[in-house]
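Written out below as structure tokens is the structure these notes cover.
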Amino acid sequence: MISEEYQPSKLGKRSCYLISTMTAVNKIVLLLVAALAAPLAMTQAAGGPTIPTWCTCGEILWKTEKACSLAHGNWDGGSCGIVSSPMFFDFHGQCRGLGSNGRCWL
């Protein structure tokens, strides 16, 4: 049998429970941060789009003009000038929404 001096007190049990709960919460927070940071890190590692660039939504001119307008690009009468990464991704999303694939060049 364990003598009383070596048995954890009620306060000790609560403290251990609190510490283990805080540790579990810290682990969950760290996992959430890692899960949110991973896609951003992969995008940055892949290099992302080369900006500035010019893009079209395939061969159909009106789709390019509409996607360019919705993405706030620089329409030149035949292609869309893209000057930022958010604009690039927005333009491609607009093209997909119109049933086309975006094509870009420098």
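Details
- Annotation note: Cβ proximity below 6 Å between a residue of segment 56-67 that is crowded, with 18+ Cβ neighbours inside 10 Å and a residue that is part of a helix (DSSP H, G or I) (sequence gap 6+ or interchain) occurs for THR56/THR64; CYS57/LYS63; CYS57/THR64; CYS57/ALA67; CYS57/CYS95; ALA67/PHE91; ALA67/GLN94; ALA67/CYS95.
- Residues of segment 68-106 satisfying the condition of being under 20 Å from the mean Cα position of the chain (by Cα) and either surrounded by fewer than 17 Cβ atoms within 10 Å (Cβ to Cβ) or polar (S, T, N, Q) (or both): VAL83, SER84, SER85, PRO86, PHE89, GLY93, GLN94, ARG96, GLY97
- Some residue of segment 80-94 being in contact (Cβ under 8 Å) with a residue 12 or more places away in the chain and at positive phi: no
- Top-ranked residue in segment 34-67 [being modelled with pLDDT under 90 and among the hydroxyl-bearing types (Ser, Thr, Tyr); ranked as farthest from the chain's Cα centre (by Cα)]: THR50
The values are calculated or read from the model by the stated rules, or taken from the named source; none is laboratory data. Being a predicted model, the structure only gives us computed values, none of them experimental. With ideal geometry, Cβ positions are generated from the backbone for all residues, glycine too; neighbour counts draw on all protein chains shown.
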